[in-house]
Structure formats: structure tokens, C-alpha cells
Amino acid sequence: MGSGQSGFTLIESMVAMAILATGLLALAAMQSISLTRNVDSTELTRATNLAADMIERVQNNRQKVGQYAIDTSSATPCPQNPVAEPMAKGDCDQWVQLLANPQASGLTNVRGVITVPPVPVGALNVLLNQYPVTVTISWTGATGESKVARPKQITLTTVIAPE
């Protein structure tokens with residue numbers, strides 16, 4: 001063979017294959033991380049939508065804001081009087097059923113808590129007629145790369161002023 005011929009040697013081919021394999025492994029790892037982050041963001045969006053839904057319900061019935069203190073983990077999550085407060089009772093019952101249905105909420109072991117703290121008499125909030133409302137959604141997150149389900153939580157807070 002003459003010195004004018006050129007081509008790949010076995011060692012050059014092996015180096016090229018090692019570089020290609022390393023790149024493919026990195027791509028596979030990035031795909032796994034991307035999928036996990038996508039599931040996390042989907043869960044966070046669903047929980048945020050559930051919390052925002054309840055805040056909108058409270059704002060829609062702002063004259064009865066004090067009736068919306070709810071803890072879905074309690075035996076009676078909707079303590080409102082259904083005769084005196086049918087709208088608050090209905091909002092609560094619908095929200096509790098939405099949280100309890102994994103197909104509807106898209107979350108596992110979901111728990112919702114709505115806090116409407118009592119405002120002490122004489123406080124500035126009473127004069128302004130404003131009530132802080134906090135909605136907290138807790139759930140068990142899907143397993144990720146660690147293969148361990150993790151507890152997650154989101155909290156939305158707003159101030160509602162009855163008209």
C-alpha cells in the first residue's frame with residue numbers, strides 16, 4: 001500500500017464510538033430529568049388551579065367569607081349550616097369532592113385547608129372590612145429519579161373585602 005491512501009484506523013473508530021456513546025448517555029439522562037420536571041410542573045399547575053378555584057369561590061360569595069374555613073382532612077370538612085349558607089356549603093362540598101377524586105384533581109393524597117382567621121374587634125382590618133384568606137393544598141408528589149414519593153405543598157394568600 002502506498003503512503004497516499006488514507007482512512008480511519010481501528011483506534012480512531014473506537015474513540016469516535018466512545019464519544020458518541022457518552023453523548024447518547026447524557027441525552028438519556030437529560031430526558032429522564034426533563035420528564036420528572038414536566039410531571040412536577042403539571043402537579044404544581046393542578047394544585048395552583050385548585051387553590052385559585054376556591055379563592056374565586058370565596059370572592060364570589062364575599063359577604064360570607066367567614067363561612068369558608070375548611071380542612072378537608074377533618075371528619076366534617078364543611079361545617080357550614082346548609083340552610084343559612086347554601087352557597088358556602090355547596091362551594092365547600094364541590095371542592096371537597098374535586099379534591100377527593102384523583103381523576104379530577106390529578107393529585108395523590110390531596111388535602112386542602114382554607115384559613116380565614118378571626119379578626120379581633122378593634123383591629124384595623126375590621127375598620128377596613130378586610131379578611132385574609134389562605135388556601136393550602138398538600139399532596140404526595142409523583143416519584144422522580146429518586147423513585148421516592150415526596151410530600152408537596154402550595155399556599156395562596158389573598159385579602160377579601162366584602163362589599
Find the accessible area per residue for the range 1-117; the probe is 1.4 Å, ligands and nucleic acids are left out, and the unit is Å².
-> 65
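Express in nm, to one decimal, how much length is gained between Leu44 and Glu163 on full extension, taking 0.36 nm for each residue of separation and deducting their alpha carbon distance.
39.6 nm
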Rough spin-label spacing in nm, given labels placed 7 Å along Cα→Cβ, for Leu24 and Ile11 | 2.4
Value at 222 nm in deg cm²/dmol, rounded to 500, when DSSP H runs of n ≥ 4 in the chain each add -39,500 (n - 2.57) | -15500 deg cm²/dmol
Short version: ³J(HN,Hα) in whole Hz for each residue of the range 30-41, in order, from phi by Karplus 6.51 cos²θ - 1.76 cosθ + 1.60 (θ = phi - 60°), x for Gly and Pro, what are they?
-> 5, 5, 5, 5, 4, 5, 4, 5, 5, 5, 4, 5
Would you mind listing how long the chain runs along its three principal axes, going by Cα atoms, in whole Å with the largest first?
-> 101, 33, 22
Taking a crude spin-label model, label points 7 Å out from Cα along the C-beta direction, the Gln153 to Gln97 distance in nm is 2.9
Which of the chymotrypsin sites (Phe, Trp or Tyr not before Pro) found in the range 1-97 are in a DSSP loop and have at most 15 neighbouring Cβ atoms, other than their own, within 10 Å?
-> Phe8
Give the relative contact order (percent, whole number) for the chain; include only Cα pairs under 8 Å separated by 6+ residues.
-> 22
Accessible surface of the chain [probe 1.4 Å, protein heavy atoms]: carbon and sulfur percent | 61
Angle between the Cα long axis of helix 86-100 and the longest principal axis of the chain, 0 to 90 degrees, nearest 10?
-> 20
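The values are calculated or read from the model by the stated rules, or taken from the named source; none is laboratory data. The structure displayed is predicted, hence computed values, not measured ones. Here Cβ is always computed from backbone atoms with ideal geometry, including for glycine, and neighbour counts include all displayed protein chains. In case anyone asks, the SASA skips ligands and DNA or RNA and just uses the protein heavy atoms, side chains included. Shrake-Rupley method; radii C 1.70, N 1.55, O 1.52, S 1.80 Å.
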